[in-house]
Amino acid sequence: MKVYVLDENNRNREQMLVWLYDNRNISWVEVFEDSFICVERIEQFPPDVCFIRLGSNTIYGLKTARMIHIINPEIRIVFVSDERDYAMDAYEIGAYGYLLSPVSRDKLESCLVPLNRVDSS
């Protein structure tokens, strides 16, 4: 599974990255601090899931998510925020998940579990 993280450099992001790198089902993790560079990369190499920071002055989270859904509606978007205020907006544009900071490992991994399931039929 390929995972992108669009977030500013902060302690919460660093902890999330440790957990993502520890997950054996994830083959690729790429980190972005610029929304436009992230979208350009997604056009070329789409991820399975993209974690996007909301409530940042430098990251355009909701706008970026809308652009990602236009590029590829199959990409699962999980928002990460310090506030509950953006939850309705996030779900209106089709978010797969919404994590409040500080993110716990269990909640982070719960956003990845459906992607890891193997069909036994």
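The table for this structure:
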{"read-out": "Structure-derived mean projected area of the Cα convex hull in nm² - corresponding label in (1) 6.3; (2) 7.5; (3) 8.3", "value": "(2)"}
{"read-out": "Low-density loop cleavage sites - trypsin sites (Lys or Arg not before Pro) in segment 1-110, where at most 15 other Cβ are within 10 Å (DSSP)", "value": "R24, R84"}
{"read-out": "Positive-end extreme of charge dipole, the chain - chosen from G97, M1, I68 (charges on Cβ)", "value": "M1"}
{"read-out": "Local electrostatic count, V49, Cβ distance below 12 Å [Lys/Arg +1, Asp/Glu -1]", "value": "-2"}
{"read-out": "Rounded percent of accessible protein surface that carbon and sulfur make up, the chain, 1.4 Å probe", "value": "48"}
{"read-out": "The chain: relative contact order as a whole-number percent, Cα under 8 Å and 6+ apart", "value": "25"}
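The values are calculated or read from the model by the stated rules, or taken from the named source; none is laboratory data. Computed from a prediction, not measured in an experiment: that's the story for all the values here. Note: ideal-geometry Cβ built from the backbone for every residue, glycine included; neighbour counts use all protein chains shown. We work out accessible area using only protein heavy atoms, side chains counted, and drop any ligands, DNA or RNA first. Shrake-Rupley method; radii C 1.70, N 1.55, O 1.52, S 1.80 Å.
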